[in-house]
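All remarks here apply to the structure that follows.
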Amino acid sequence: MLNKKVEGAIAEGLKGLKERYAIEISTIGFDQNHVHIMCRFLPKYSGGQVIKIIKSISGKRVFENAPEIKEELWGGEFWTDGYYIATISGKGNKEVIEKYIRSQGREKDIEQLRLFEF
């Protein structure tokens, strides 16, 4: 389960992506066991490449800042191999996607959803 320390490490690790990779993170939403990220990136990257960069950098930061998390993980990896990508075209509605990210979370404990905006 994600906690504030892990969430902070993920968010902190993603702050330098714009300068290093031209991947602009605009919104991150944390649910109890998964993360929603809205980002923009150059077409030189595929969606899968962007996910690989995000997972690699943020996973390293989590293990640096919260090494005790390894004891809770099966196989010692922070991220699973799976992911879902949706794109927003010029005709798409960015606000709808942002609203979706903000609406994620458990019904009983809305505090579990914490949002970081860059």
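Just so it is clear, none of the values below were taken in a lab; they were calculated from the coordinates. These figures come from a predicted structure and were not determined experimentally. Cβ coordinates were reconstructed from backbone atoms using ideal geometry, including for glycine residues, and neighbour counts include every protein chain displayed.
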Inset, instruction - Kindly list the residues of region 62-100 that lie in the label zone of Ser26, defined by a backbone N under 11 Å from the point 7 Å along the Cα-to-C-beta vector. - result: 88-90, 92-99
Legend entry - Spin-label model distance (nm) - Ser56 vs Asn93, 7 Å beyond Cα toward Cβ: 3.7
Legend entry - Neighbour-count ranking [beta-carbon atoms within 10 angstrom, fewest first] of Ile88, Ile53: Ile88, Ile53
Legend entry - Sites Arg40 and Leu73, calculated FRET efficiency, Cβ-Cβ separation with R0 35 Å, nearest 0.05: 0.70
Inset, instruction - Please name which of Trp79, Pro43, Ile28 has its Cα lying farthest along the dipole of region 4-117 towards the positive end, using unit charges on Cβ (Lys, Arg +1; Asp, Glu -1) and the Cα centre as origin. - result: Pro43
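What is the dipole size for the chain, taken about its Cα centre, with +1 at each Lys and Arg Cβ and -1 at each Asp and Glu Cβ, in debye to the nearest 20? Show your work: numbers first, answer last.
Details: 19 positive and 17 negative charges, 102 e Å.
In debye, rounded to 20, the chain gives about 500.
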Inset, instruction - Please turn the phi angles of region 56-67 into ³J(HN,Hα) values with the Karplus equation 6.51 cos²θ - 1.76 cosθ + 1.60 (θ = phi - 60°), one per residue in order, whole Hz, x for glycine and proline. - result: 5, 5, 6, x, 4, 5, 4, 5, 5, 8, 9, x
Legend entry - Greater than 23 Å apart at Cα, pairs in Lys52/Lys91; Lys60/Lys94; Lys44/Lys70; Lys15/Lys60; Lys70/Lys99; Lys15/Lys44: Lys52/Lys91; Lys60/Lys94; Lys44/Lys70; Lys70/Lys99
